[in-house]
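Asks: If you scroll down you'll find the structure; I have some questions about it.
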Amino acid sequence: MITLPIFESEKQYAIDCTVKFDKQKVHNKFYCSTNWIGFLGELIFDKYLTKKQVYHIWNKFIKEDYKQPDFEINNKTIDIKTTFNQDLWFQNINNDYYILANVSKNVDKISYVGYISGFELLELYIKGKCKEVIRDNRKDYVLSGEYLKPVHNLVNNLKYIQDKYSN
């Protein structure tokens, strides 16, 4: 698990960006008063990768057509799923990796709890290990965090590959 502090300025930036994004969205994104934690999870993960000197592309969601993954590292796509609980929520399986980020109740820290590959997630979905949740006009799936592997392993492996081939 990777646990990092959340600064008030980061929280406010995430809220402001999400308000701006919500004004232009035309898809079935579920609305709730804490939607901004998704952007917050990406923002802090971007800072973490930069500090660890992991070359990456952050495809910020603040655009009309956001079909890109949250992050790209060594041609691998990564989606950050940020919640206040220990479960991985998703709608589609179309990335190489999914990382669960958990925000503390008082929003002063974020923990990147674990990860799962898209292939493994699909296998668990097919085996019926994901709970279906219907909210308004959309269907979500929830996977228990017990199926996730330590996220630092993923980051270290991607950094190793990057370092190996950049020399």
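The values are calculated or read from the model by the stated rules, or taken from the named source; none is laboratory data. For clarity, every value in this text was computed on a predicted model and none was experimentally measured. Quick reminder, even Gly has a Cβ in these numbers, built from the backbone with ideal geometry, and neighbours come from all protein chains shown.
So that you can scan it fast, the table gives a plain yes or no per residue for (1) in a helix (DSSP H, G or I); (2) closer than 24 Å to ASN35 by Cα:
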site: TRP89; (1), (2): no, yes
site: ALA101; (1), (2): no, yes
site: SER111; (1), (2): no, yes
site: GLY114; (1), (2): no, yes
site: LEU124; (1), (2): yes, no
site: LYS129; (1), (2): no, no
site: GLU132; (1), (2): no, yes
site: ASP140; (1), (2): no, yes
site: HIS152; (1), (2): yes, no
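Asks: Could I ask something else about it? So in the stretch 91-113, with the set limited to residues that are touching a residue at least 60 places away in the same chain (Cβ under 8 Å) and buried (at least 20 other Cβ atoms within 10 Å of the Cβ), which one is nearest to ILE44 (Cα to Cα)?
Replies: The residue in question is ILE110.
Asks: While we're looking at this one, here's another question. Given the conditions (1) of a type outside the set (Ser, Thr, Tyr); (2) buried (at least 20 other Cβ atoms within 10 Å of the Cβ); (3) modelled with pLDDT of 95 or more, report the number of the one that LEU88 does not fulfil.
Replies: Of the numbered conditions (1) of a type outside the set (Ser, Thr, Tyr); (2) buried (at least 20 other Cβ atoms within 10 Å of the Cβ); (3) modelled with pLDDT of 95 or more, the odd one out for LEU88 is (3).
Asks: Restricting to the stretch 55-85, and then to whatever is part of a loop (DSSP other than H, G, I, E, B) and closer than 18 Å to TYR115 by Cα, can you tell me which residue is modelled with the highest pLDDT?
Replies: By that ranking, first place goes to PHE84.
Asks: Please indicate, with yes or no, whether at least one residue in the stretch 1-8 is over 25 Å from LYS76 (Cβ atoms), at pLDDT 70 or above, not β-branched (Val, Ile, Thr) and not in a loop (DSSP other than H, G, I, E, B).
Replies: Yes, because at least one residue in the stretch 1-8 is over 25 Å from LYS76 (Cβ atoms), at pLDDT 70 or above, not β-branched (Val, Ile, Thr) and not in a loop (DSSP other than H, G, I, E, B).
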